[in-house]
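Encoded as structure tokens, the structure appears first; notes follow it.
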Amino acid sequence: MKSFRNFVILVCLSLGFKSYSQVRIGGDASIDISINIPIPDIVIEQRKNPRVATKPSVPVIHNCDHLCTHNENVSYGEIQNQNGPFGRQIYQVTRARLESSPVGSESVIYLLDSGDVLELIIVTANLQDFNYHNYGDTCDCSQKNRIVKVLLNNQQIQLRDGSLSLQPKRNGFHSVINLHTEFEGDFNGTVNF
């Protein structure tokens with residue numbers, strides 16, 4: 001009896017709502033049936049996700065393709081800056097040079113196509129070794145070739161560790177840098193000058 005009462009309530013409710021449909025019985029005959037069921041309104045609301053932070057885009061500095069020309073009489077090479085505050089950047093080195101200073105150190109200066117200047121100040125203690133490392137302030141490294149300081153646009157960069165290979169090549173040098181900084185990312189590259 002309870003199920004019959006539920007069935008009657010269901011039938012009564014279905015007659016109270018309006019909806020249209022069509023039922024086909026056999027070949028070509030069709031019957032229209034209407035049930036009063038309201039069609040719901042669908043509302044789509046797009047909300048911005050407040051957790052997504054956008055990073056400022058960095059302009060592409062220079063991408064060398066088959067049209068670029070470098071010859072052996074001109075400084076050339078590439079230095080990549082990775083894991084820095086602006087993501088990955090590739091700099092083309094337009095000029096490079098090695099300068100001596102009167103205090104016993106030397107500077108390897110890389111002029112980049114972006115207008116930036118990367119300078120490594122080194123001390124050569126062993127003329128037979130072509131590799132330079134950053135040892136920090138607590139090392140007694142008077143007999144080792146070392147990187148004393150790194151400057152980017154005349155501002156000192158704090159190094160975690162780093163190395164420079166400065167191999168003589170004909171009338172110039174073949175240099176390989178691998179610098180890991182605290183805040184500016186990693187600088188890696190090969191430059192001939």
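The values are calculated or read from the model by the stated rules, or taken from the named source; none is laboratory data. Keep in mind it's a predicted model, so treat the numbers as computed, not measured. Calculation scope for accessible area: heavy atoms of the full protein, side chains included, ligands and nucleic acids excluded. Shrake-Rupley method; radii C 1.70, N 1.55, O 1.52, S 1.80 Å.
Brief remarks follow.
- Projected onto planes of every orientation and averaged, the convex hull of the alpha-carbon atoms in the range 146-193 covers 3.6 nm².
- Sequence-distant residues sharing a close amide H with V148 (under 5 Å, placed H): I121, I122, V123
- Of the two radii for the range 72-193, the radius of gyration is 0.94 times the Kirkwood radius, both from the alpha carbons; that is the Rg over Rh value.
- Solvent-accessible surface (1.4 Å probe) assigned to I157 amounts to roughly 10 Å².
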